[in-house]
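**Q** Can you read through this structure? Questions will come right after.
The values are calculated or read from the model by the stated rules, or taken from the named source; none is laboratory data. These figures come from a predicted structure and were not determined experimentally. Methodologically, a virtual Cβ is constructed for each residue, glycine included, from the backbone with ideal geometry; neighbour enumeration extends over all protein chains shown. For accessibility, only protein heavy atoms count, side chains too; no ligands or nucleic acids. Shrake-Rupley method; radii C 1.70, N 1.55, O 1.52, S 1.80 Å.
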Amino acid sequence: MGASVRALRALLLLSGFYLLGIALLAVLAGLDWAAALWAPSSLALKVYVVSALLAVPVVRGMFMLRTPKGEAAHGVPVTGEQEPRLWQEVRELARQVGTRAPDEIRLTGDVNAAVAEEARLLGLLGGTRRLYLGLPLMAGLTEAQLRAVLAHEMGHYGNSDTRLSAITVRGRVQVARTVADFEERAGGKVAKERERQERKNAKKVAKGGKAKEVDTTGAGLTYRAMARLYRAYGHFYLRATLAGSRRQELAADLAAARIAGRDATASALRELPALDSAHRFYLDCYATLGVDAGLLPPPGEVVGGFRHLLAARTGELAELRRDLPDEPSSPYDSHPPIAERVARLEALPDDGRASEPATPALGLLADPGTAMVAVERTTLTPQALRMRRVDWPELVHTAMTGHSAREAEPLRRATAAVAGGDGSLDALLNALDLGVGWEIADRLPKSEEAGAAKGRVAREFARPVLRRGLARMVAGELADRGSARWELSWSRPASLRMPPGLEDELPAALDAAVAARPDTAPLRRLLAA
(Lines give C-alpha, C1' and ligand atoms only; values in the text may rest on other atoms or scores of the structure.)
Protein backbone atom coordinates (compact mmCIF):
# COMPACT_ATOMS: atom_id res chain seq x y z
CA MET A 1 0.00 0.00 0.00
CA GLY A 2 1.48 3.34 -1.07
CA ALA A 3 1.87 6.36 1.19
CA SER A 4 -0.91 8.27 -0.55
CA VAL A 5 -3.34 5.36 -0.22
CA ARG A 6 -2.43 4.96 3.48
CA ALA A 7 -3.02 8.68 4.00
CA LEU A 8 -6.37 8.49 2.20
CA ARG A 9 -7.41 5.58 4.42
CA ALA A 10 -6.37 7.57 7.51
CA LEU A 11 -8.43 10.53 6.24
CA LEU A 12 -11.50 8.32 5.80
CA LEU A 13 -11.01 6.80 9.25
CA LEU A 14 -10.63 10.26 10.79
CA SER A 15 -13.81 11.42 9.07
CA GLY A 16 -15.45 8.41 10.72
CA PHE A 17 -15.33 10.33 13.99
CA TYR A 18 -17.54 13.03 12.49
CA LEU A 19 -19.78 10.42 10.87
CA LEU A 20 -20.12 8.66 14.22
CA GLY A 21 -21.27 11.91 15.81
CA ILE A 22 -23.71 12.63 12.97
CA ALA A 23 -25.12 9.10 13.21
CA LEU A 24 -25.66 9.45 16.96
CA LEU A 25 -27.40 12.81 16.48
CA ALA A 26 -29.57 11.28 13.77
CA VAL A 27 -30.61 8.46 16.14
CA LEU A 28 -31.53 10.98 18.84
CA ALA A 29 -33.48 13.08 16.32
CA GLY A 30 -35.32 9.94 15.22
CA LEU A 31 -36.30 9.16 18.79
CA ASP A 32 -37.58 12.71 19.26
CA TRP A 33 -39.62 12.46 16.06
CA ALA A 34 -41.09 9.12 17.09
CA ALA A 35 -41.96 10.47 20.54
CA ALA A 36 -43.67 13.49 19.00
CA LEU A 37 -45.84 11.26 16.80
CA TRP A 38 -46.82 8.39 19.11
CA ALA A 39 -45.89 9.10 22.73
CA PRO A 40 -48.01 11.01 25.26
CA SER A 41 -46.92 14.61 25.74
CA SER A 42 -45.50 13.94 29.23
CA LEU A 43 -43.37 11.05 27.97
CA ALA A 44 -42.34 12.96 24.85
CA LEU A 45 -41.07 15.80 27.03
CA LYS A 46 -38.89 13.38 28.97
CA VAL A 47 -37.53 11.95 25.70
CA TYR A 48 -36.67 15.47 24.51
CA VAL A 49 -34.78 16.23 27.74
CA VAL A 50 -32.81 12.96 27.66
CA SER A 51 -31.91 13.33 23.98
CA ALA A 52 -30.77 16.92 24.59
CA LEU A 53 -28.53 15.74 27.43
CA LEU A 54 -27.08 13.02 25.21
CA ALA A 55 -26.62 15.37 22.26
CA VAL A 56 -24.43 17.83 24.20
CA PRO A 57 -21.39 15.52 24.62
CA VAL A 58 -21.81 14.25 21.04
CA VAL A 59 -21.59 17.78 19.63
CA ARG A 60 -18.70 18.61 21.97
CA GLY A 61 -16.88 15.52 20.74
CA MET A 62 -17.20 16.63 17.12
CA PHE A 63 -15.76 20.05 17.96
CA MET A 64 -12.98 18.51 20.06
CA LEU A 65 -11.55 16.91 16.93
CA ARG A 66 -10.47 20.35 15.80
CA THR A 67 -6.97 21.45 16.76
CA PRO A 68 -7.32 23.90 19.69
CA LYS A 69 -6.31 27.44 18.85
CA GLY A 70 -3.86 29.40 20.89
CA GLU A 71 -1.74 26.49 22.17
CA ALA A 72 1.47 28.31 23.06
CA ALA A 73 4.78 26.83 21.95
CA HIS A 74 6.95 25.86 24.91
CA GLY A 75 10.69 26.24 25.40
CA VAL A 76 13.11 29.11 24.81
CA PRO A 77 13.40 30.33 21.20
CA VAL A 78 16.96 30.96 19.97
CA THR A 79 17.84 32.89 16.83
CA GLY A 80 20.61 32.38 14.32
CA GLU A 81 22.49 35.30 15.86
CA GLN A 82 22.32 33.77 19.34
CA GLU A 83 23.22 30.21 18.30
CA PRO A 84 24.95 30.35 14.89
CA ARG A 85 26.55 26.87 15.03
CA LEU A 86 23.32 25.12 16.02
CA TRP A 87 21.33 26.87 13.30
CA GLN A 88 23.99 26.13 10.70
CA GLU A 89 23.93 22.43 11.62
CA VAL A 90 20.14 22.26 11.51
CA ARG A 91 19.90 24.03 8.15
CA GLU A 92 22.54 21.74 6.64
CA LEU A 93 20.69 18.67 7.92
CA ALA A 94 17.42 19.94 6.43
CA ARG A 95 19.18 20.43 3.10
CA GLN A 96 20.56 16.88 3.16
CA VAL A 97 17.18 15.42 4.15
CA GLY A 98 15.49 17.35 1.36
CA THR A 99 13.08 19.49 3.36
CA ARG A 100 12.86 23.09 4.50
CA ALA A 101 14.57 24.07 7.74
CA PRO A 102 12.50 24.84 10.84
CA ASP A 103 11.24 28.40 11.25
CA GLU A 104 12.07 28.26 14.97
CA ILE A 105 14.42 26.35 17.27
CA ARG A 106 13.28 26.13 20.87
CA LEU A 107 15.40 24.76 23.71
CA THR A 108 13.58 22.71 26.36
CA GLY A 109 14.34 20.98 29.65
CA ASP A 110 13.45 17.40 28.73
CA VAL A 111 15.19 14.44 27.11
CA ASN A 112 13.62 14.88 23.71
CA ALA A 113 13.95 16.29 20.22
CA ALA A 114 10.95 16.83 17.98
CA VAL A 115 9.92 18.72 14.87
CA ALA A 116 6.32 19.98 14.89
CA GLU A 117 4.41 21.89 12.25
CA GLU A 118 1.22 23.91 12.60
CA ALA A 119 -0.33 22.31 9.54
CA ARG A 120 -3.81 23.26 8.28
CA LEU A 121 -6.54 21.53 6.33
CA LEU A 122 -5.97 18.11 7.95
CA GLY A 123 -2.22 18.48 7.48
CA LEU A 124 -2.35 19.18 3.76
CA LEU A 125 -1.17 22.79 4.08
CA GLY A 126 2.10 23.55 5.82
CA GLY A 127 2.58 26.12 8.57
CA THR A 128 5.13 27.27 11.12
CA ARG A 129 7.68 24.52 11.68
CA ARG A 130 9.45 24.30 15.05
CA LEU A 131 12.34 22.21 16.27
CA TYR A 132 12.17 21.42 20.00
CA LEU A 133 15.56 20.42 21.39
CA GLY A 134 16.09 19.28 24.98
CA LEU A 135 19.24 20.40 26.76
CA PRO A 136 19.41 17.18 28.87
CA LEU A 137 19.35 15.25 25.59
CA MET A 138 22.23 17.35 24.25
CA ALA A 139 24.12 16.75 27.51
CA GLY A 140 24.11 13.01 26.87
CA LEU A 141 24.84 12.91 23.12
CA THR A 142 27.78 13.59 20.88
CA GLU A 143 27.43 15.91 17.90
CA ALA A 144 27.23 12.92 15.56
CA GLN A 145 24.50 11.29 17.66
CA LEU A 146 22.52 14.52 17.85
CA ARG A 147 22.87 14.91 14.09
CA ALA A 148 21.33 11.44 13.71
CA VAL A 149 18.42 12.30 16.04
CA LEU A 150 17.68 15.54 14.20
CA ALA A 151 18.02 13.87 10.80
CA HIS A 152 15.45 11.29 11.93
CA GLU A 153 13.00 13.98 13.05
CA MET A 154 13.36 15.98 9.85
CA GLY A 155 13.28 12.76 7.85
CA HIS A 156 9.54 12.65 8.52
CA TYR A 157 9.28 15.82 6.41
CA GLY A 158 11.70 14.79 3.70
CA ASN A 159 9.39 13.04 1.26
CA SER A 160 6.74 14.43 -1.04
CA ASP A 161 4.07 12.36 0.68
CA THR A 162 4.76 13.91 4.10
CA ARG A 163 1.83 16.27 4.09
CA LEU A 164 -0.49 13.39 3.35
CA SER A 165 1.06 11.25 6.08
CA ALA A 166 0.60 14.18 8.47
CA ILE A 167 -3.10 13.33 8.41
CA THR A 168 -2.31 10.06 10.19
CA VAL A 169 -0.21 11.81 12.83
CA ARG A 170 -2.85 14.48 13.40
CA GLY A 171 -5.58 11.87 13.65
CA ARG A 172 -3.70 9.87 16.30
CA VAL A 173 -3.15 13.01 18.39
CA GLN A 174 -6.75 14.18 18.09
CA VAL A 175 -8.19 10.76 18.91
CA ALA A 176 -6.24 10.63 22.16
CA ARG A 177 -7.19 14.24 22.99
CA THR A 178 -10.90 13.63 22.37
CA VAL A 179 -11.13 10.51 24.55
CA ALA A 180 -9.07 12.16 27.30
CA ASP A 181 -11.36 15.19 27.28
CA PHE A 182 -14.49 13.03 27.61
CA GLU A 183 -12.95 11.11 30.52
CA GLU A 184 -11.83 14.32 32.22
CA ARG A 185 -15.33 15.80 31.96
CA ALA A 186 -16.90 12.59 33.25
CA GLY A 187 -14.50 12.64 36.20
CA GLY A 188 -15.41 16.27 36.90
CA LYS A 189 -19.12 15.40 36.95
CA VAL A 190 -18.47 12.55 39.40
CA ALA A 191 -16.39 14.82 41.67
CA LYS A 192 -19.11 17.50 41.73
CA GLU A 193 -21.81 14.95 42.54
CA ARG A 194 -19.68 13.45 45.31
CA GLU A 195 -19.07 16.91 46.78
CA ARG A 196 -22.81 17.72 46.61
CA GLN A 197 -23.77 14.51 48.43
CA GLU A 198 -21.05 14.96 51.05
CA ARG A 199 -22.28 18.50 51.80
CA LYS A 200 -25.83 17.16 52.12
CA ASN A 201 -24.65 14.41 54.48
CA ALA A 202 -22.71 16.92 56.58
CA LYS A 203 -25.90 18.98 57.08
CA LYS A 204 -27.83 15.85 58.09
CA VAL A 205 -25.20 14.81 60.61
CA ALA A 206 -25.10 18.33 62.05
CA LYS A 207 -28.87 18.08 62.67
CA GLY A 208 -28.51 14.69 64.33
CA GLY A 209 -29.45 12.65 61.28
CA LYS A 210 -27.67 9.72 59.65
CA ALA A 211 -25.48 10.16 56.59
CA LYS A 212 -26.30 8.19 53.45
CA GLU A 213 -23.72 6.30 51.44
CA VAL A 214 -22.33 8.45 48.61
CA ASP A 215 -23.51 7.10 45.24
CA THR A 216 -22.12 8.65 42.04
CA THR A 217 -23.28 5.90 39.69
CA GLY A 218 -25.32 8.21 37.47
CA ALA A 219 -22.96 11.20 37.53
CA GLY A 220 -21.34 11.97 34.19
CA LEU A 221 -23.13 9.00 32.64
CA THR A 222 -23.57 10.59 29.21
CA TYR A 223 -19.93 11.66 29.05
CA ARG A 224 -18.78 8.21 30.14
CA ALA A 225 -20.99 6.61 27.50
CA MET A 226 -19.58 8.87 24.78
CA ALA A 227 -16.05 8.24 26.02
CA ARG A 228 -16.59 4.49 25.65
CA LEU A 229 -17.89 4.90 22.11
CA TYR A 230 -15.10 7.21 21.03
CA ARG A 231 -12.49 5.11 22.83
CA ALA A 232 -13.62 1.99 20.98
CA TYR A 233 -13.46 3.77 17.63
CA GLY A 234 -10.19 5.42 18.64
CA HIS A 235 -8.58 2.05 19.35
CA PHE A 236 -9.76 0.87 15.95
CA TYR A 237 -8.26 4.00 14.33
CA LEU A 238 -4.93 3.61 16.13
CA ARG A 239 -4.62 -0.06 15.16
CA ALA A 240 -5.58 0.66 11.54
CA THR A 241 -2.86 3.32 11.20
CA LEU A 242 -0.23 1.60 13.35
CA ALA A 243 1.63 -0.26 10.59
CA GLY A 244 1.99 2.89 8.47
CA SER A 245 3.25 4.95 11.41
CA ARG A 246 5.87 2.36 12.33
CA ARG A 247 6.93 2.08 8.71
CA GLN A 248 7.52 5.85 8.66
CA GLU A 249 9.72 5.57 11.76
CA LEU A 250 11.90 2.92 10.14
CA ALA A 251 12.19 5.03 7.00
CA ALA A 252 13.27 8.02 9.10
CA ASP A 253 15.92 5.80 10.77
CA LEU A 254 17.35 4.93 7.35
CA ALA A 255 17.41 8.62 6.37
CA ALA A 256 19.31 9.41 9.57
CA ALA A 257 21.82 6.60 8.94
CA ARG A 258 22.42 7.88 5.41
CA ILE A 259 23.16 11.39 6.65
CA ALA A 260 24.76 10.91 10.10
CA GLY A 261 26.21 7.42 9.66
CA ARG A 262 25.11 3.94 10.63
CA ASP A 263 27.00 3.72 13.91
CA ALA A 264 26.08 7.22 15.12
CA THR A 265 22.40 6.56 14.44
CA ALA A 266 22.40 3.15 16.14
CA SER A 267 24.32 4.46 19.16
CA ALA A 268 21.95 7.44 19.45
CA LEU A 269 18.98 5.08 19.58
CA ARG A 270 20.74 3.03 22.27
CA GLU A 271 21.35 6.24 24.20
CA LEU A 272 17.76 7.51 24.24
CA PRO A 273 16.14 5.07 26.72
CA ALA A 274 19.26 5.17 28.92
CA LEU A 275 19.18 8.97 29.07
CA ASP A 276 15.45 9.02 29.70
CA SER A 277 15.79 6.63 32.65
CA ALA A 278 18.84 8.48 34.04
CA HIS A 279 17.08 11.83 33.77
CA ARG A 280 14.04 10.63 35.72
CA PHE A 281 16.40 9.34 38.43
CA TYR A 282 18.27 12.66 38.43
CA LEU A 283 15.09 14.71 38.85
CA ASP A 284 13.82 12.52 41.70
CA CYS A 285 17.06 12.06 43.64
CA TYR A 286 19.07 15.22 42.92
CA ALA A 287 17.32 18.18 41.30
CA THR A 288 14.26 18.05 43.59
CA LEU A 289 16.04 16.68 46.68
CA GLY A 290 15.73 19.97 48.59
CA VAL A 291 12.19 20.94 47.55
CA ASP A 292 10.70 19.99 50.94
CA ALA A 293 13.21 22.35 52.54
CA GLY A 294 12.44 25.11 50.01
CA LEU A 295 15.79 24.70 48.26
CA LEU A 296 16.94 24.27 44.66
CA PRO A 297 20.46 24.00 43.20
CA PRO A 298 22.10 27.12 41.71
CA PRO A 299 20.51 28.77 38.64
CA GLY A 300 21.02 26.57 35.59
CA GLU A 301 21.85 23.48 37.66
CA VAL A 302 18.31 22.11 37.80
CA VAL A 303 18.82 21.39 34.11
CA GLY A 304 22.63 21.37 33.99
CA GLY A 305 23.29 19.14 37.00
CA PHE A 306 22.33 16.19 34.82
CA ARG A 307 25.81 16.43 33.25
CA HIS A 308 27.46 15.55 36.60
CA LEU A 309 25.34 12.43 36.97
CA LEU A 310 26.14 11.27 33.44
CA ALA A 311 29.86 11.72 34.02
CA ALA A 312 29.81 9.78 37.31
CA ARG A 313 27.60 6.81 36.37
CA THR A 314 29.14 5.56 33.16
CA GLY A 315 28.92 1.91 34.21
CA GLU A 316 25.20 2.02 34.95
CA LEU A 317 24.54 3.88 31.70
CA ALA A 318 26.48 1.23 29.76
CA GLU A 319 24.19 -1.47 31.21
CA LEU A 320 21.10 0.52 30.20
CA ARG A 321 22.44 0.87 26.65
CA ARG A 322 22.89 -2.90 26.42
CA ASP A 323 19.46 -3.81 27.79
CA LEU A 324 17.22 -2.25 25.15
CA PRO A 325 13.40 -2.44 25.33
CA ASP A 326 12.24 -5.16 22.94
CA GLU A 327 8.53 -4.31 23.25
CA PRO A 328 6.69 -1.12 22.30
CA SER A 329 5.61 1.10 25.19
CA SER A 330 1.96 0.35 24.38
CA PRO A 331 -0.02 -1.65 21.78
CA TYR A 332 -0.70 1.66 20.02
CA ASP A 333 2.83 3.09 20.12
CA SER A 334 3.68 4.53 16.70
CA HIS A 335 7.36 3.60 17.19
CA PRO A 336 8.67 0.03 16.73
CA PRO A 337 10.63 -1.36 19.72
CA ILE A 338 14.06 0.26 20.16
CA ALA A 339 15.77 -3.13 20.03
CA GLU A 340 14.26 -3.86 16.62
CA ARG A 341 15.26 -0.44 15.26
CA VAL A 342 18.84 -0.79 16.49
CA ALA A 343 19.13 -4.32 15.08
CA ARG A 344 17.98 -3.11 11.65
CA LEU A 345 20.54 -0.29 11.67
CA GLU A 346 23.43 -2.42 12.90
CA ALA A 347 22.68 -4.94 10.15
CA LEU A 348 23.38 -2.28 7.49
CA PRO A 349 26.72 -2.41 5.62
CA ASP A 350 29.63 -0.60 7.28
CA ASP A 351 29.79 2.96 5.91
CA GLY A 352 33.27 3.67 7.29
CA ARG A 353 32.13 6.49 9.57
CA ALA A 354 32.70 4.82 12.92
CA SER A 355 35.89 6.78 13.63
CA GLU A 356 34.29 10.25 13.65
CA PRO A 357 35.29 12.29 16.76
CA ALA A 358 32.93 12.11 19.76
CA THR A 359 32.47 15.86 20.32
CA PRO A 360 29.88 16.74 23.01
CA ALA A 361 26.65 18.03 21.47
CA LEU A 362 26.45 20.88 23.99
CA GLY A 363 29.45 22.34 22.15
CA LEU A 364 27.03 23.45 19.43
CA LEU A 365 25.70 26.09 21.83
CA ALA A 366 27.45 29.43 22.25
CA ASP A 367 26.99 29.39 26.04
CA PRO A 368 25.36 26.24 27.48
CA GLY A 369 25.21 27.69 31.01
CA THR A 370 23.25 30.74 29.92
CA ALA A 371 20.90 28.53 27.88
CA MET A 372 20.23 26.33 30.92
CA VAL A 373 19.37 29.32 33.09
CA ALA A 374 16.96 30.60 30.42
CA VAL A 375 15.27 27.20 30.04
CA GLU A 376 14.80 26.91 33.80
CA ARG A 377 12.97 30.23 33.87
CA THR A 378 10.39 28.89 31.44
CA THR A 379 10.02 25.34 32.79
CA LEU A 380 9.99 25.81 36.58
CA THR A 381 6.75 26.78 38.29
CA PRO A 382 6.45 30.24 39.87
CA GLN A 383 6.61 28.56 43.28
CA ALA A 384 9.86 26.77 42.36
CA LEU A 385 11.40 29.98 41.00
CA ARG A 386 10.85 31.61 44.41
CA MET A 387 12.82 28.90 46.24
CA ARG A 388 16.23 29.66 47.68
CA ARG A 389 19.19 28.62 45.52
CA VAL A 390 22.20 27.03 47.26
CA ASP A 391 25.19 25.09 46.00
CA TRP A 392 24.97 21.33 45.69
CA PRO A 393 26.89 20.40 48.92
CA GLU A 394 24.72 22.69 51.05
CA LEU A 395 21.54 21.47 49.37
CA VAL A 396 22.40 17.81 49.99
CA HIS A 397 23.38 18.38 53.64
CA THR A 398 20.26 20.42 54.47
CA ALA A 399 17.87 18.16 52.58
CA MET A 400 19.27 14.91 53.97
CA THR A 401 19.30 16.28 57.52
CA GLY A 402 15.61 17.10 57.19
CA HIS A 403 14.88 13.74 55.57
CA SER A 404 16.66 11.88 58.37
CA ALA A 405 14.71 13.87 60.99
CA ARG A 406 11.39 13.00 59.31
CA GLU A 407 12.30 9.30 59.23
CA ALA A 408 13.14 9.42 62.95
CA GLU A 409 9.87 11.16 63.87
CA PRO A 410 7.85 7.94 64.54
CA LEU A 411 10.50 6.88 67.06
CA ARG A 412 10.43 10.31 68.71
CA ARG A 413 6.65 10.16 69.09
CA ALA A 414 6.77 6.61 70.44
CA THR A 415 9.46 7.60 72.97
CA ALA A 416 7.43 10.59 74.13
CA ALA A 417 4.32 8.43 74.50
CA VAL A 418 6.08 5.79 76.63
CA ALA A 419 8.71 7.76 78.56
CA GLY A 420 7.20 11.24 78.49
CA GLY A 421 9.13 14.38 77.65
CA ASP A 422 10.03 15.55 74.19
CA GLY A 423 11.08 12.21 72.72
CA SER A 424 14.69 13.39 72.34
CA LEU A 425 17.70 11.12 71.86
CA ASP A 426 18.64 11.47 75.53
CA ALA A 427 15.10 10.47 76.55
CA LEU A 428 15.31 7.40 74.30
CA LEU A 429 18.66 6.33 75.76
CA ASN A 430 17.25 6.68 79.28
CA ALA A 431 14.23 4.60 78.27
CA LEU A 432 16.51 1.90 76.88
CA ASP A 433 18.47 1.82 80.13
CA LEU A 434 15.19 1.40 82.05
CA GLY A 435 14.25 -1.60 79.89
CA VAL A 436 11.19 -0.05 78.22
CA GLY A 437 12.72 0.02 74.73
CA TRP A 438 10.46 -2.84 73.62
CA GLU A 439 7.36 -0.91 74.63
CA ILE A 440 8.59 1.93 72.46
CA ALA A 441 9.36 -0.44 69.58
CA ASP A 442 5.86 -1.91 69.87
CA ARG A 443 4.41 1.51 68.96
CA LEU A 444 6.44 1.80 65.75
CA PRO A 445 4.96 0.86 62.34
CA LYS A 446 5.37 -2.85 61.72
CA SER A 447 4.62 -5.43 59.08
CA GLU A 448 1.65 -7.79 59.36
CA GLU A 449 3.99 -10.66 60.22
CA ALA A 450 5.76 -8.64 62.92
CA GLY A 451 2.41 -7.53 64.37
CA ALA A 452 1.32 -11.15 64.77
CA ALA A 453 4.57 -12.26 66.46
CA LYS A 454 4.80 -12.72 70.24
CA GLY A 455 7.52 -12.84 72.88
CA ARG A 456 11.09 -13.37 71.75
CA VAL A 457 10.12 -13.56 68.08
CA ALA A 458 8.43 -10.15 68.34
CA ARG A 459 11.61 -8.68 69.80
CA GLU A 460 13.68 -10.08 66.98
CA PHE A 461 11.37 -8.32 64.54
CA ALA A 462 11.49 -5.11 66.56
CA ARG A 463 15.25 -4.96 67.14
CA PRO A 464 16.36 -3.87 63.61
CA VAL A 465 13.51 -1.34 63.43
CA LEU A 466 14.50 0.16 66.77
CA ARG A 467 18.18 0.16 65.79
CA ARG A 468 17.45 1.89 62.48
CA GLY A 469 15.44 4.60 64.19
CA LEU A 470 18.13 5.08 66.84
CA ALA A 471 20.78 5.43 64.11
CA ARG A 472 18.71 8.17 62.43
CA MET A 473 18.33 10.05 65.70
CA VAL A 474 22.09 9.81 66.32
CA ALA A 475 22.79 11.08 62.81
CA GLY A 476 20.42 14.00 63.37
CA GLU A 477 22.07 14.82 66.70
CA LEU A 478 25.55 14.82 65.15
CA ALA A 479 24.40 16.93 62.20
CA ASP A 480 22.73 19.48 64.51
CA ARG A 481 25.95 19.78 66.50
CA GLY A 482 27.98 20.25 63.34
CA SER A 483 29.97 17.13 64.15
CA ALA A 484 28.79 15.27 61.03
CA ARG A 485 27.83 16.35 57.56
CA TRP A 486 25.95 14.76 54.69
CA GLU A 487 28.14 14.63 51.60
CA LEU A 488 27.12 14.79 47.96
CA SER A 489 28.07 11.96 45.64
CA TRP A 490 27.07 11.72 41.98
CA SER A 491 27.95 8.03 41.78
CA ARG A 492 26.20 6.70 44.91
CA PRO A 493 23.69 7.83 47.56
CA ALA A 494 24.63 10.69 49.89
CA SER A 495 26.62 9.57 52.95
CA LEU A 496 27.07 11.01 56.42
CA ARG A 497 30.67 12.02 57.08
CA MET A 498 31.41 11.53 60.80
CA PRO A 499 34.35 12.47 63.02
CA PRO A 500 37.43 10.18 62.78
CA GLY A 501 36.88 6.83 64.48
CA LEU A 502 33.17 7.36 65.15
CA GLU A 503 32.03 5.74 61.92
CA ASP A 504 33.92 2.53 62.80
CA GLU A 505 32.76 2.36 66.43
CA LEU A 506 29.14 3.44 65.97
CA PRO A 507 27.68 0.13 64.66
CA ALA A 508 28.81 -1.81 67.75
CA ALA A 509 27.52 0.93 70.06
CA LEU A 510 24.11 0.85 68.36
CA ASP A 511 23.98 -2.94 68.65
CA ALA A 512 24.73 -2.73 72.37
CA ALA A 513 21.99 -0.14 72.93
CA VAL A 514 19.27 -2.38 71.46
CA ALA A 515 20.59 -5.70 72.76
CA ALA A 516 18.47 -8.04 74.91
CA ARG A 517 20.22 -6.40 77.86
CA PRO A 518 20.60 -2.81 76.66
CA ASP A 519 23.87 -1.02 77.31
CA THR A 520 23.87 2.61 76.17
CA ALA A 521 27.22 3.49 77.76
CA PRO A 522 29.32 2.96 74.57
CA LEU A 523 26.95 5.14 72.55
CA ARG A 524 26.91 7.85 75.22
CA ARG A 525 30.73 7.90 75.28
CA LEU A 526 30.88 8.32 71.52
CA LEU A 527 28.35 11.15 71.59
CA ALA A 528 30.17 12.88 74.43
CA ALA A 529 33.48 12.63 72.58
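**Q** Which residues' amide hydrogens lie under 5 Å from the amide hydrogen of R497, considering only partners 5 or more residues apart or on another chain, with H built in the peptide plane?
**A** Under 5 Å from the amide H of R497: R485, W486, E487.
**Q** Looking at region 402-529, I'd like the Rg to Rh ratio, where Rg is from alpha-carbon atoms and Rh is Kirkwood's inverse mean 1/r. Provide the component values of the computation, followed by the final result.
**A** On the way: Rg = 14.8 Å, Rh = 15.2 Å.
So for region 402-529, dividing Rg by the Kirkwood Rh gives 0.97.
**Q** Please report the accessible area of R280 (heavy atoms, 1.4 Å probe, ligands and nucleic acids excluded) in Å², nearest 10.
**A** 130 Å²
**Q** Run the dipole for region 235-390 about the Cα centre, Lys and Arg Cβ at +1, Asp and Glu Cβ at -1, nothing else charged, and hand back the magnitude in debye, nearest 20. Numbers along the way, then the final one.
**A** Values: 18 positive and 21 negative charges, 84 e Å.
With only Lys, Arg, Asp and Glu charged at Cβ, the dipole is about 400 debye.
**Q** For the chain, calculate the relative contact order in percent as a whole number, restricting contacts to Cα pairs under 8 Å that are 6 or more residues apart.
**A** On the way: 677 pairs, mean separation 75.0, N = 529.
Once normalised by length, the contact order is 14 percent.
**Q** Averaging sequence separations of C-alpha pairs under 8 Å and six or more residues apart, then dividing by the length of region 361-477, give the relative contact order as a whole percent. Spell out each step's value before the answer.
**A** Values: 70 pairs, mean separation 30.0, N = 117.
Relative contact order of region 361-477: 26 percent.
**Q** Okay, moving on. Tell me, what is the 1.4 Å probe accessible area of R481, in Å² to the nearest 10?
**A** The accessible area of R481 comes to roughly 120 Å².
**Q** Here's another thing I want to ask about it. Normalise the Debye intensity by I(0) for region 303-360, one equal point scatterer per Cα, no solvent, then take log10 at q = 0.20, 0.25, 0.30 Å⁻¹ and round to two decimals.
**A** Summing over Cα pairs of region 303-360 leads to -1.03, -1.03, -1.08.
**Q** With +1 assigned to the C-beta of every Lys and Arg and -1 to the C-beta of every Asp and Glu, and no other charges, what is the dipole magnitude of region 433-527 about the Cα centre in debye, to the nearest 20?
**A** Working: 16 positive and 14 negative charges, 16 e Å.
Roughly 80 debye for region 433-527.
**Q** Suppose a student asked you for the relative contact order of region 181-311, using Cα pairs under 8 Å spaced at least 6 residues apart; what percent would you report?
**A** Working: 53 pairs, mean separation 22.8, N = 131.
Rounded, it is 17 percent for region 181-311.
**Q** Relative to 2.2 N^0.38 Å, what does the C-alpha radius of gyration of region 242-361 come to as a ratio? Two decimals please. Spell out each step's value before the answer.
**A** Details: Rg = 17.3 Å, N = 120, 2.2 N^0.38 = 13.6 Å.
Relative to the 2.2 N^0.38 Å estimate, region 242-361 comes out at 1.28.
**Q** Of the cross-linked pairs K46/K192; K192/K446; K204/K446, which ones have a Cα-Cα span greater than 28 Å in the structure shown? Write out the running numbers ahead of the final one.
**A** Numbers: K46/K192 24 Å; K192/K446 38 Å; K204/K446 38 Å.
Violating the 28 Å limit, Cα to Cα: K192/K446; K204/K446.
**Q** Further question on the same structure: Work out the length of the dipole vector of region 379-491 about its Cα centre, built from +1 on the beta-carbon of each Lys and Arg and -1 on the beta-carbon of each Asp and Glu, and round it to the nearest 20 debye.
**A** On the way: 17 positive and 15 negative charges, 40 e Å.
Using only the charged Cβ atoms, the result is roughly 200 debye.
**Q** Provide Rg over Rh for the chain; use the alpha carbon set for both Rg and the Kirkwood Rh (inverse mean inverse pair distance).
**A** Values: Rg = 31.2 Å, Rh = 28.8 Å.
Rg divided by Rh gives 1.08.
**Q** What are the semi-axes of the equivalent ellipsoid for region 72-121, taken as the square roots of 5 times the Cα gyration tensor eigenvalues, largest first, in whole Å? Walk me through the numbers on the way to the answer.
**A** Numbers: eigenvalues 60, 56, 23 Å².
Working through the eigenvalues yields semi-axes of 17, 17, 11 Å.
**Q** How much solvent-accessible surface does R247 expose, in Å² to the nearest 10, with a 1.4 Å probe and all protein chains in place?
**A** Solvent-accessible area, nearest 10 Å²: 120 Å².
**Q** A further question follows. Going from most exposed to least, what order do K446, K210 have by accessible area with a 1.4 Å probe?
**A** Values: K446 95, K210 170 Å².
Descending accessible area places them as K210, K446.
**Q** Output the Kirkwood hydrodynamic radius of region 345-460, Cα pairs only, in Å rounded to one decimal. Don't skip to the end; give the middle numbers.
**A** Details: mean 1/r = 0.0486 Å⁻¹.
About 20.6 Å, per the Kirkwood formula over Cα pairs.
**Q** In addition: Counting only protein heavy atoms and using a 1.4 Å probe, what share of the accessible area of the chain belongs to carbon plus sulfur, as a whole percent?
**A** Values: 15740 of 27880 Å².
With neighbouring chains kept in place, the figure for the chain is 56 percent.
**Q** Under a 1.4 Å probe, what is the accessible area of the chain per residue, stated in Å²?
**A** 53 Å²
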